[in-house]
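Heads up: the structure comes next, in structure tokens.
The values are calculated or read from the model by the stated rules, or taken from the named source; none is laboratory data. Quick caveat: nothing in here was measured; it's all calculated off a predicted structure. Here the Cβ is made from the backbone with ideal geometry for all residues, glycine too, and neighbour counts use every protein chain on show. Protein only, heavy atoms only, side chains kept; ligands, DNA and RNA dropped before computing areas. Shrake-Rupley method; radii C 1.70, N 1.55, O 1.52, S 1.80 Å.
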Amino acid sequence: MNASEKIHNLAGYPPPHRLLHTAHVPGRAAYNALVAESEEDYAGYWARLAHVFVQWKTPFTRTLDSDNAPFYKWFEDGTLNVSWNCLDRQVNEGKGDKTAIVFEADDGTVTHTSYAQLLGMTCRMANALKALGVKKGDRVVIYMSMSVEGVVAMQACARIGAIHSVVFGGFSAHSLRDRIADTGAVLVVTADEQVRGGKTLPLKALVDEALSMGGCEAVRNVLVYRRTGGDIAWTARDRWMDEMASAQPDTCVPEWVGAEHPLFLLYTSGSTGKPKGVQHSSGGYLVQAAATMKWTFDIRDEDVFWCTADIGWITGHTYIAYGPLAVGATQVVFEGVPTYPDAGRFWKMIERHKVTVFYTAPTAIRSLIKAAEGDAQLHPARFDLRSLRILGSVGEPINPAAWEWYHAHVGGGRCPIVDTWWQTETGAQMITPLPGVTTLVPGSCTLPFPGIAAAIVDETGEDVPNGQSGLLVIKKPWPSMIRTIWGDDARYVASYYPPELRGYYLAGDGASRDKDTGNFTIGGRIDDVLNVSGHRMGTMEIESALVACTELVAEAAVVGRPDDTSGEAICAFVVLKGARPTGPAADKLAVQLRNWVGKEIGPIAKPRDIRFADNLPKTRSGKIMRRLLRSVAKGEAITQDVSTLENPAILAQLNETH
Ligand code: WT7
């Protein structure tokens, strides 16, 4: 941060005058009143919101059940259907003809789907799933590119009480197999192919490959959305989605489920090699998805909301598949990448669809800043972005320089930026500015959403004073929280509720609060999890993938190093079974290993740097000295004590980049 930025920051950006009175949470006094209400009667506050934001088939009588903490239950004896709340409810309230989804394909083709149409599509798909024997509680894996049909598949599962698990279309057959096997899915929904940046990439072929690897015997059918019509292999278990759905009626009585019935599982990286299947509920999840949608984005009937995430991530679940529909909003869904046909795509789409609320990731902003600096035609100033009124950021800390650019050049200096901190596990936003309340400070996610007990503590769970850094925790359970890790209750407790933290939820981020304002600033992960372009990657996962290359690799250690665009870059140190390669031989092997990791996990996990050494720096007890490797990766001078190194000469080897 330079000096002028600092002065700017101190002043902060107060909320626009017009929002002080008109926003859903209008002004600081309104925010304070909500916080006070939640502090006086925590359960009562959330019960009130649960009635404001969700329509229940049978109302709940008990709000929060902490008897078996940390396996909390919210609204347990209430029943509802999430898809009914997102679709039927909107149609019943007169929004049948309102556009639910404006879809823009990779090539710019646009389709509009109304709430009534989306309901019809969802019912047909739900009936198709039922015709294939899918029942309440069954798991369905969805491996799709961005499409209306992807959202419909999620909603259709919700309609019949099936539990979906969306796998990002960029994951490999191997990762897909692991997730199908872990969930015990009975059906996979996919597309023939996906289209990204003018290129066609396989999906169905990867499903075939995954299913052939074994462990997926529960899968009876593969339901295929015809996206490109490209040539694909066909087996007896495959069904075309369009053929199945068109043969079905367009009404389907929803399955009313208990509030705690799992809505979905979503896999995310942790600090061991095996991704965690984060289990979310139906009732509590929907309450917080809808409440944050309305208050954080100040959504109104006339808004056009656009969240640029993929449905393969939690952001695409909460702020594409569920939140916008639960509040009856119009949203844009896009297929493709921000840089195709050129890096003006986002700005052009905002102009074309008159987007009013725009939610994206810092990594996208940083890459578009670079593009705009290189080519004036791609600068947001070239586009009419006057429709915008609120901007959002999610997924990683936003650096103040990117924040200022986003504010000035995309928001025209008039749009509040909501820098929303949350996680796959939290289900919905947790710490965030509210547009009519918060004085914004670039780089800070400011204050908790009303009702969220965020705090910063030390290793013993003791509060640390403002101005000091510590562990970010959530002191009380919240409605959209993770319920468990699928099939591994013990890992859930061990990961998020370590005994020394007094029953607080451990987020895994370091953070601090401002001395004067109490604003939160997130430092980043404190575990072995990296944030690469807003994607969470476990270092152990990448290490396991590398050592799975048994012909070549003896040992591997992966660390992150700071990167201007992607936030963090993956840096791998590899010990080969054969001799340590140098020069062109090393370059060639690095390419080979990079592709190997791409094939094992997916392209997002490919290490940026691969360095070869005769061995890895370890302590006497055999632990890899990761802190040392992090310094090496950054190119920093080594200040650590290296006297315990078996072979000090490897330091020089580790410093060679390829
Ligand atoms: C991790 C969660 C939130 C949905 C997308 C990512 C980092 C997320 C912010 C933010 C600073 C952030 C944290 C968190 N993170 N949002 N506004 N400021 N850091 O979900 O993949 O589960 O990753 O992303 O490190 O723990 P996720």
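Among T200, T228, T235, which is the only one that is open to solvent by 40 Å² or more (accessible area, probe 1.4 Å), at pLDDT 95 or above, assigned to a strand (DSSP E or B) and under 30 Å from K599 (Cα atoms)?
Working: T228 fails: assigned to a strand (DSSP E or B); T235 fails: assigned to a strand (DSSP E or B).
None of the others qualify; the one that does is T200.
Scanning the range 79-116 for residues that are touching a helix residue (DSSP H, G or I) at 6+ places or on another chain (Cβ under 6 Å) and small (G, A, S) returns S83, G96, A100, A116.
For G510, only one of the following conditions fails: (1) touching a strand residue (DSSP E or B) at 6+ places or on another chain (Cβ under 9 Å); (2) over 22 Å from L447 (Cβ atoms). What is its number? Result: G510 fails condition (2) only. Just the residues that are within 15 Å of V278 (Cβ to Cβ) and either modelled with pLDDT under 95 or of a type outside the set (A, V, I, L, M) (or both), please, taken from the range 485-523. W486, G487, D488, D489, R491, Y492, S495, Y496, Y497, Y505, G508 - these are the residues of the range 485-523 that are within 15 Å of V278 (Cβ to Cβ) and either modelled with pLDDT under 95 or of a type outside the set (A, V, I, L, M) (or both).
Does L471 fit the bill of being open to solvent by 10 Å² or more (accessible area, probe 1.4 Å), outside any loop (DSSP other than H, G, I, E, B), of a type outside the set (D, E, K, R) and within 14 Å of the ligand (Cβ to nearest atom)? Considered against the rule, which asks whether it is open to solvent by 10 Å² or more (accessible area, probe 1.4 Å), outside any loop (DSSP other than H, G, I, E, B), of a type outside the set (D, E, K, R) and within 14 Å of the ligand (Cβ to nearest atom), L471 comes out as yes.
Tell me whether the range 433-440 contains one or more residues that are within 26 Å of D41 (Cβ to Cβ), away from the ligand (no atom under 15 Å from the Cβ) and surrounded by 23 or more Cβ atoms within 10 Å (Cβ to Cβ). Looking for residues that are within 26 Å of D41 (Cβ to Cβ), away from the ligand (no atom under 15 Å from the Cβ) and surrounded by 23 or more Cβ atoms within 10 Å (Cβ to Cβ), one finds at least one in the range 433-440, hence yes. Does E373 count as acidic (D, E), open to solvent by 10 Å² or more (accessible area, probe 1.4 Å) and within 30 Å of L119 (Cα to Cα)? No.
Give P262, P275 a once-over and let me know the one that is out of contact with any helix residue (DSSP H, G or I) (no Cβ under 9 Å at 6 or more places or on another chain) and surrounded by fewer than 24 Cβ atoms within 10 Å (Cβ to Cβ). So that I can check it myself, show each step before the final result.
Values: P275 fails: out of contact with any helix residue (DSSP H, G or I) (no Cβ under 9 Å at 6 or more places or on another chain).
Just a single option satisfies the conditions, and that option is P262.
Restricting attention to the range 285-301 and to residues that are within 16 Å of the ligand (Cβ to nearest atom) and aromatic (F, W, Y), the residue that is surrounded by the fewest Cβ atoms within 10 Å (Cβ to Cβ) turns out to be Y285. Number of residues in the range 264-281 that are assigned to a loop (DSSP other than H, G, I, E, B) and modelled with pLDDT of 95 or more: the value is 1.
I'd like to check something: does the range 400-411 contain any residue that is open to solvent by 10 Å² or more (accessible area, probe 1.4 Å), in a strand (DSSP E or B) and within 15 Å of the ligand (Cβ to nearest atom)?
no
Listed conditions (1) more than 16 Å from the ligand (Cβ to nearest atom); (2) over 21 Å from L119 (Cα atoms) are all met by A245, apart from (2). I'd like to know if the range 566-579 contains one or more residues that are under 20 Å from K623 (Cβ atoms), touching a residue at least 60 places away in the same chain (Cβ under 8 Å) and over 24 Å from the mean Cα position of the chain (by Cα). Checking the range 566-579: at least one residue is under 20 Å from K623 (Cβ atoms), touching a residue at least 60 places away in the same chain (Cβ under 8 Å) and over 24 Å from the mean Cα position of the chain (by Cα). Residues that are open to solvent by less than 10 Å² (accessible area, probe 1.4 Å), assigned to a loop (DSSP other than H, G, I, E, B) and among the aliphatic types (A, V, I, L, M) within the range 302-328 comprise just one, I311. For the range 176-192, a tally of residues being part of a helix (DSSP H, G or I) and open to solvent by less than 10 Å² (accessible area, probe 1.4 Å) returns 3. The single condition among (1) open to solvent by 10 Å² or more (accessible area, probe 1.4 Å); (2) more than 13 Å from the ligand (Cβ to nearest atom) that A361 does not satisfy is (2). Does T517 meet the test of being part of a loop (DSSP other than H, G, I, E, B), more than 10 Å from the ligand (Cβ to nearest atom), under 30 Å from T438 (Cα atoms) and touching a Ser or Thr at 6+ places or on another chain (Cβ under 7 Å)? Here the answer is no, as T517 does not meet what is asked. Only residues that are more than 14 Å from the ligand (Cβ to nearest atom) and out of contact with any Asp or Glu (no Cβ under 7 Å at 6 or more places or on another chain) were counted across the range 488-512, and they come to 14.
Checking each residue in the range 376-387 for being outside any loop (DSSP other than H, G, I, E, B) and open to solvent by less than 40 Å² (accessible area, probe 1.4 Å) picks out L378, P380. It is to be established whether one or more residues within the range 112-119 are open to solvent by less than 10 Å² (accessible area, probe 1.4 Å) and under 30 Å from R220 (Cα atoms). Yes: one or more hits.
For the range 98-114, the criterion of being more than 19 Å from V337 (Cα to Cα), of a type outside the set (S, T, Y) and assigned to a helix (DSSP H, G or I) is met by no residue. Whenever a residue of the range 12-29 is open to solvent by 80 Å² or more (accessible area, probe 1.4 Å), its partners that are assigned to a helix (DSSP H, G or I), lying with C-beta atoms within less than 9 angstrom and at least six residues away or across chains, give the pairs P14/L20; R28/L20.
All of (1) under 23 Å from the mean Cα position of the chain (by Cα); (2) open to solvent by less than 10 Å² (accessible area, probe 1.4 Å); (3) of a type outside the set (S, T, Y) hold for L129 with one exception: (1).
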